[in-house]
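Participant: My questions will all concern the structure given below.
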Amino acid sequence: MIEPSMASPDIEIPSRAPAATSPDDTVMPFEVASLDLRGRVVRLGPLVDEILAKHAYPEPVAKLLAEAIVLTVMLGSALKMEGRFILQTQTDGPVGLLVVDYTTPGKVRACARFGAEGVVAAVAAGNADAGALLGKGHLAMTIDQGASTSRYQGLVALVGGSLEDAAHEYFLRSEQIPTRVRLAVAEELVPGGRKRWRAGGIMLQFLPKSAERARMDLDPGNAPEGVEVTAAPEDDAWVQGRALLETVEDVELIDPAVSSERLAYRLFHEPGVRVFKSFDVRAECSCSRDTVEAMLRSFSQDDRDHMVEDGKISVTCEFCSSTYIFAPGETDPKSE
C-alpha cells in the first residue's frame, strides 16, 4: 500500500489508500524499496497553460515546449541545493531552440524559437513529431548554483529522436543510472469553448544500494579496438520496474481524475510503493525593470542609440513577453 512521507525513517505510519485527486502543478516523489526504484510524478495544469498562452506558438511547437517543461521540472526538482537547472536544445530542425529554466524551490519559465515555414512544412507532410521538429543537434542540461561556483553541464546528442530518448541517453552515458521517462501533453476543452494545455510525466530510476547490483546495469563504455565486450545481464528488479512503467498510458499522466498516488499504486502496489509529500511548482519569470535597465546600461552608447525607435527603447522578455519601455538617456550609465 502507499505510505505518506515520514518525518523520520524510524517512525512507522500505517498504510493508507491512495488519494483520489492530485493538485495541479505538483511533483510527487515515490519509492519502491523492494526493487531499489525511485521516481517522481509531475502534474502540470495552469503552469504550462500560462507559459504557452503568452506566446503564439503553433500547436506542434507548443506541445514540444510543454514536454521540455515537464522534463525540466522532473529533473530540476531533484536538486538538493539552491540554484537553477536549465534545459536547452540547439538543433537544425524547424524548432531550433528550446529553453526551460527551473529555479529552486519551484519557479519555471520557458520559451522556444522556430522557423514558421519549416513547422508548416512538417505539419503538411504529416511529420510533426518531436524528432522531426528538433532535427539534429544537442541537448544541454546545466546546473548553476550562482556566481561563486562553477557550472556543471551535461550534453547529449539529438539525432532525430524525442526528448524522452535524449533523457534516456543522457542518464545512460553521463550519469550511468538506468532511467526511464514518460512525457504526455494535450489540450482540454473547458467551458466557453476555450482550450487549455495540460502536461504530465513520470520518471523511474534504478538506484541499488549494493555496488555489485549497480554494476550490472552500467554501460560498458568504450572498449579497446578488437576487444569483445559482453554486456552484463540487467537486474531483474530493473527489468520488472521498466516493464511496469511501459504500461503507463498518456491519459494517466494528464487526466485530473487519475491522481499521482493512484497511478503509483496502479503500477507498483504488488512490490509495494511509498509516496512522499508533493511540492508545488509555478510559472514565474525572473525578469524585472531593474534587471533590464542594468542590462541596457552595460551596452555602449552607440548600441543604445541604435535601439531607439519612435523616441523610446523597447525591450520584450523572450520568456514571459513582458515589455519594458525606457526613454532615451534613462539607461545611460549613472555617474559616480
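Participant: Could you run through the stretch 208-252 and say how many residues are among the basic types (Lys, Arg), at pLDDT 60 or above and more than 18 Å from residue 39 (Cα to Cα)?
Facilitator: Number satisfying all stated conditions: 1.
Participant: So in the stretch 291-302, with the set limited to residues that are charged (D, E, K, R) and either assigned by TED's automatic domain parsing to the domain that holds residue 100 or in contact (Cβ under 8 Å) with a residue 24 or more places away in the chain (or both), which one is surrounded by the fewest Cβ atoms within 10 Å (Cβ to Cβ)?
Facilitator: Checking each candidate, the answer is 297.
Participant: Checking the structure you have, find out if any residue of the stretch 266-276 is assigned by TED's automatic domain parsing to the domain that holds residue 97, charged (D, E, K, R) and either touching a residue at least 40 places away in the same chain (Cβ under 8 Å) or part of a helix (DSSP H, G or I) (or both).
Facilitator: There is at least one residue in the stretch 266-276 that is assigned by TED's automatic domain parsing to the domain that holds residue 97, charged (D, E, K, R) and either touching a residue at least 40 places away in the same chain (Cβ under 8 Å) or part of a helix (DSSP H, G or I) (or both).
Participant: Next question, about the same structure. Would you mention how many residues in the stretch 303-330 are among the basic types (Lys, Arg) and either crowded, with 17+ Cβ neighbours inside 10 Å or touching a Leu at 6+ places or on another chain (Cβ under 8 Å) (or both)?
Facilitator: Number of matching residues: 1.
Participant: Restricting attention to the stretch 165-180, which residues are touching a residue at least 40 places away in the same chain (Cβ under 8 Å), surrounded by 16 or more Cβ atoms within 10 Å (Cβ to Cβ) and either of a type outside the set (Gly, Ala, Ser) or at positive phi (or both)?
Facilitator: Hits for the stretch 165-180 are 172, 178, 180.
Participant: Determine whether residue 149 is in a strand (DSSP E or B) and hydroxyl-bearing (Ser, Thr, Tyr). Give the derivation first.
Facilitator: Numbers: in a strand (DSSP E or B): no; hydroxyl-bearing (Ser, Thr, Tyr): yes.
Criteria not met by residue 149.
Participant: If you take the residues of the stretch 158-194 that are in a loop (DSSP other than H, G, I, E, B) and aliphatic (A, V, I, L, M), which of them is modelled with the lowest pLDDT?
Facilitator: Residue satisfying both the conditions and the ranking: 190.
Participant: Among the residues of the stretch 114-159, which ones are in contact with a strand residue (DSSP E or B) (Cβ under 7 Å, 6 or more places away or on another chain), in contact (Cβ under 8 Å) with a residue 24 or more places away in the chain and more than 15 Å from residue 63 (Cβ to Cβ)?
Facilitator: Correct list: 135, 136, 137, 138, 139, 140, 141, 142, 143, 144, 158.
Participant: Exactly one of these conditions fails for residue 315: (1) in the same structural domain as residue 202 (by TED's automatic domain parsing); (2) part of a strand (DSSP E or B); (3) of a type outside the set (Phe, Trp, Tyr). Give me its number.
Facilitator: (1)
Participant: I'd like to check something: does the stretch 253-265 contain any residue that is of a type in the set (Lys, Arg), part of a helix (DSSP H, G or I), modelled with pLDDT of 90 or more and farther than 26 Å from residue 112 by Cα?
Facilitator: Scanning the stretch 253-265 turns up at least one residue that is of a type in the set (Lys, Arg), part of a helix (DSSP H, G or I), modelled with pLDDT of 90 or more and farther than 26 Å from residue 112 by Cα.
Participant: Return the pair list, or none, for Cβ contacts closer than 6 Å from residues in the stretch 82-101 that are under 16 Å from residue 152 (Cα atoms) to residues that are assigned to a strand (DSSP E or B) and of a type in the set (Ser, Thr, Tyr), at least 6 apart or on different chains.
Facilitator: Between residues of the stretch 82-101 that are under 16 Å from residue 152 (Cα atoms) and residues that are assigned to a strand (DSSP E or B) and of a type in the set (Ser, Thr, Tyr), the close pairs are 84/103; 85/102; 86/142.
Participant: Looking at 155, 139, can you tell me which residue is over 16 Å from residue 66 (Cα atoms) and assigned to a strand (DSSP E or B)?
Facilitator: Sole residue among the options that is over 16 Å from residue 66 (Cα atoms) and assigned to a strand (DSSP E or B): 155.
Participant: While we're here: It is to be established whether one or more residues within the stretch 55-72 are on the phi > 0 side of the Ramachandran plot and touching a residue at least 12 places away in the same chain (Cβ under 8 Å).
Facilitator: No; the residues of the stretch 55-72 include none that is on the phi > 0 side of the Ramachandran plot and touching a residue at least 12 places away in the same chain (Cβ under 8 Å).
Participant: Another question, then. Tally the residues that are over 22 Å from residue 100 (Cα atoms) and buried (at least 18 other Cβ atoms within 10 Å of the Cβ), restricting the search to the stretch 256-290.
Facilitator: 13
Participant: Additional query: Quick check on the stretch 85-94. Is at least one of its residues closer than 23 Å to residue 281 by Cβ, surrounded by fewer than 20 Cβ atoms within 10 Å (Cβ to Cβ) and modelled with pLDDT of 95 or more?
Facilitator: Of the stretch 85-94, the ones closer than 23 Å to residue 281 by Cβ are 85-89.
Now restrict to residues that are surrounded by fewer than 20 Cβ atoms within 10 Å (Cβ to Cβ): 86, 88.
Filter once more, so that each one left must be modelled with pLDDT of 95 or more: 86, 88.
Yes, because at least one residue in the stretch 85-94 is closer than 23 Å to residue 281 by Cβ, surrounded by fewer than 20 Cβ atoms within 10 Å (Cβ to Cβ) and modelled with pLDDT of 95 or more.
Participant: Okay, moving on. Suppose the filter is of a type outside the set (A, V, I, L, M, F, W, C), more than 22 Å from residue 204 (Cα to Cα), out of contact with any Phe, Trp or Tyr (no Cβ under 8 Å at 6 or more places or on another chain) and modelled with pLDDT of 95 or more; does residue 137 pass it? Quick ask: steps written out before the conclusion?
Facilitator: Values: of a type outside the set (A, V, I, L, M, F, W, C): yes; more than 22 Å from residue 204 (Cα to Cα): yes; out of contact with any Phe, Trp or Tyr (no Cβ under 8 Å at 6 or more places or on another chain): yes; modelled with pLDDT of 95 or more: yes.
Taking the combined requirement at face value, the residue satisfies it.
Participant: For residue 63, indicate whether it is out of contact with any Pro (no Cβ under 9 Å at 6 or more places or on another chain) and more than 15 Å from residue 201 (Cβ to Cβ). Reasoning before the result, please.
Facilitator: On the way: out of contact with any Pro (no Cβ under 9 Å at 6 or more places or on another chain): yes; more than 15 Å from residue 201 (Cβ to Cβ): no.
It is false that residue 63 is out of contact with any Pro (no Cβ under 9 Å at 6 or more places or on another chain) and more than 15 Å from residue 201 (Cβ to Cβ).
The values are calculated or read from the model by the stated rules, or taken from the named source; none is laboratory data. Note that the structure is predicted; figures quoted are calculated from it, not measured. Methodologically, a virtual Cβ is constructed for each residue, glycine included, from the backbone with ideal geometry; neighbour enumeration extends over all protein chains shown.
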